[in-house]
Amino acid sequence: MGNTNHMQGKAILTINAGSSSIKFSLFSVPQLNQFVVGQIDGIGGDAIFKIKWVDQPTEEVIAWPNNECPKSHRESLACLINWLHKALHDVKVIAVGHRVVHGGQKYSAPTLITEEVMDELESLMVLAPLHQPHNLEGIKAAQEYFGGIPQIACFDTAFHRTHSFVDDCYAIPRYFYDKGICRYGFHGLSYEYITERLMHMFPKEARRKMIIAHLGNGASMTALHNGVSIASTMGFSSLDGLPMGTRCGEIDPGVLLYMMEHEKMDAKAISDILYKESGLKGLSGGISNDMRTLENSDLLPAKEAIDYYVKEVKREIGALSALMAGLDVLVFTGGIGENSSMIRARVLKEMSWIGIELDEDSNLAGETIISDDHSRVLCLKMHTDEERVIARHTFGLAKMEMSEE
Ligand code: ADP
């Protein structure tokens, strides 16, 4: 079992159950210091379970009970809960916070999960069929194991519920909007974390016109004014906007009609192409969905995939800046945004027309401020921490819930 019982006392557990992985984290109460992070990756194949105690230098690989690798999310969650039970004798989990991808038009804030809420979240599964079912499985497993403690849903869409009708509608017959066919925007927990950090670090600038580029496996950008989201590149689904690891980003709907009519593809086949075979992976001809691999490749399709990616990021910076009539702060985050000095440099180098002057040395050195002193736009690269946002909201709501009992 390795290191156990580093901690005593109360804790908040966060669970982020994705399409092939379950990430979790534990935070001490009331300080909210993170003391364990872990994840089960590769669910559906040769899943692997790793944990890291924050005060230890290395990760541990956790053996499966009876050496039986779990085959489903449900089994993986059972293994996670089994591990928690064995490893945390003296830690009492007082509330569980769940990342939930879709809160629909209704949920604009973290919410205590009741039976009624759960029913509503299930009805939203059709809007995020690849993610929401796993999120809800995580909730059910935690409810079963932890009994009556508060379970809190933190939504990726909630941060964008401040948009105007015009920023969220599509130009299709209006009754579709009333049926929930509109832009939702995602990655809200990441945007919330970055915005809050900036309000501390650069309080004056953070209230101006800002774009946050969350460039990870999934990718989107959001325009904010006074810390409030006014538009996002992701729309109805998590396919829209920027190209991603395996997702297509912005595409002409005529292409989908063509696939249906002339390629005789059904919804499942098209969905598989758009979600799993497109983006960097599709455009590189299958070389990789991973930016690091593409950066290290000499092959032309890898180079072209990166060229397309950079072009789309630049295009969306231009579009979102035009919507705000200006730009004062640009933040890069997510695995690519935070770690790829090459992508940041290629995006920013030809942006002096908008007032961006890159400081190449700071960018290469991975400093927080990557624009130079003459730049009208403050450019930053930052680490995001969605788990911390979930833990904070969960503790806040759990405290209220417990004081009412
Ligand atoms: P997720 O959306 O799954 O949380 P991440 O935010 O971890 O994903 O981002 C993963 C992406 O970040 C991958 O494309 C990976 O190649 C890229 N990445 C991570 N480190 C680097 C790096 N040093 N240089 C270039 N890309 C990187």
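The values are calculated or read from the model by the stated rules, or taken from the named source; none is laboratory data. These numbers were taken from a predicted model, which means no experiment stands behind them. Neighbour counts are summed over all protein chains in view; Cβ atoms, including those assigned to glycine, are modelled from backbone coordinates with ideal geometry.
Quick notes on this structure:
- The selection criterion, being buried (at least 23 other Cβ atoms within 10 Å of the Cβ) and touching a strand residue (DSSP E or B) at 6+ places or on another chain (Cβ under 9 Å), does not hold for Ile230.
Yes or no, residue by residue, for (1) in contact (Cβ under 8 Å) with a residue 12 or more places away in the chain; (2) among the acidic types (Asp, Glu); (3) on the phi < 0 side of the Ramachandran plot:
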| site | (1), (2), (3) |
| --- | --- |
| Trp53 | yes, no, yes |
| Pro70 | yes, no, yes |
| His73 | yes, no, yes |
| Leu80 | yes, no, yes |
| Thr114 | no, no, yes |
| Glu144 | no, yes, yes |
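- Options Leu198, Leu280, Leu257, Leu242; residue that is aliphatic (A, V, I, L, M), in a helix (DSSP H, G or I) and touching a residue at least 40 places away in the same chain (Cβ under 8 Å): Leu198
- Cβ-Cβ contacts under 7 Å between residues 6 or more apart (or on different chains), taken from a first residue in segment 289-306 that is in a loop (DSSP other than H, G, I, E, B) and at pLDDT 95 or above to a second residue that is of a type in the set (Phe, Trp, Tyr) and within 8 Å of the ligand (Cβ to nearest atom), are absent.
- Filter result for Ile48 (farther than 26 Å from Lys10 by Cα and in contact with a strand residue (DSSP E or B) (Cβ under 7 Å, 6 or more places away or on another chain)): yes
- Residues of segment 86-101 classified as surrounded by fewer than 22 Cβ atoms within 10 Å (Cβ to Cβ) and either without any contact (Cβ under 8 Å) to a residue 60 or more places away in the chain or in contact with a helix residue (DSSP H, G or I) (Cβ under 8 Å, 6 or more places away or on another chain) (or both), total: 2
- Scope segment 370-394; condition over 22 Å from His187 (Cβ atoms) and surrounded by 16 or more Cβ atoms within 10 Å (Cβ to Cβ); matching residues: Ser371, Ser375
Residues are listed down the side, and each one gets a yes or a no for (1) more than 21 Å from Ala95 (Cα to Cα); (2) of a type in the set (D, E, K, R); (3) not in a loop (DSSP other than H, G, I, E, B):
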site	(1), (2), (3)
Ser19	yes, no, no
Phe27	no, no, yes
Gln31	no, no, no
Gln39	no, no, yes
Asp46	yes, yes, no
Ile51	no, no, yes
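- Residue match in segment 281-301 (condition: over 30 Å from Ser164 (Cα atoms), charged (D, E, K, R) and more than 14 Å from the ligand (Cβ to nearest atom)): yes
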